[in-house]
Each structure stands twice: as C-alpha cells, then as structure tokens.
Amino acid sequence: MSSIWTLCLGRLEDDLSPQQFNTWIRPLHAVEESGRLKLLAPNRFVKDFVAKEMLGEVSRLASSFSRQPIDVEIEIGKEGADAEILARTHQADQTHWAPATRCCSR
C-alpha cells in the first residue's frame, strides 16, 4: 500500500511544472503518523512558500487519499531529527557569526 505522501507526490508531479515540483515539493520530507502528515522543509524559504501557496492543495490531496481526517502541517527540519532543536541550533549558529575585519591599518 502506498503512503499518503507518495500518492500526493504523484499527483503534484502531474499537476505542477517540473520547475515548480523540483523547487518546492521535491525538497520536502514527510513524516506520516496516525491522522497527521508533517512536511519537513529544508529551510524557511521553502517552508514559507509552500505554506502560503501550496499547503491547501497538499491538504486537499492528502484528505482525498486518506480514509480518516488528516492534519497536514509544515515546519523546518529533516526526517528523523527534531525540527525545534534544528531551528534553535541554526539560530545559535547565526548569533556567533561575525564579518571578517582588518586588524591592521596601512
């Protein structure tokens, strides 16, 4: 039996241009749990675009392939990792970055 996300991918690949599919949908990873489909985006740019422009269609497709109500959500993360920890780590990494400066004047 195919997963709900696999079925959604097939339909989205048919409905979207190759550029749209490869840019916005292919980078997503999915975690399916009972009554829930969590999509994990590789970065905030992909997450925000999919949430605004495509999440409604993904939710509609997922519901059409499920026998029970399904909640679809999107967040930043990677499969098998806690997205909240990744987000905090990313924020911490950014606070430690500083541009290079010259130490000597001419």
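Taking the Cβ-Cβ separation of K78 and R11 as r and a Förster radius of 25 Å, what is the calculated FRET efficiency to the nearest 0.05? That pair, K78 with R11, gives E of 0.55.
Which of rounded, prolate, oblate describes the stretch 1-47, given a ≥ b ≥ c as roots of the alpha-carbon gyration tensor eigenvalues and a/c under 1.5 marking rounded, otherwise prolate only if a/b is larger than b/c? Since a/c reaches 1.5 but b/c is at least a/b, the shape of the stretch 1-47 is classed as oblate.
Restriction of the GluC sites (Glu not before Pro) in the stretch 37-80 to DSSP coil positions whose beta-carbon has at most 14 other beta-carbons within 10 angstrom yields E79. With an a/c value of 1.5 or above and a/b not larger than b/c for the gyration tensor axes a ≥ b ≥ c computed over the alpha-carbon atoms, the stretch 13-84 is described as oblate.
Quick note: the coordinates plus some simple rules give every number you see, no bench work behind them. Being a predicted model, the structure only gives us computed values, none of them experimental. Cβ coordinates were reconstructed from backbone atoms using ideal geometry, including for glycine residues, and neighbour counts include every protein chain displayed.
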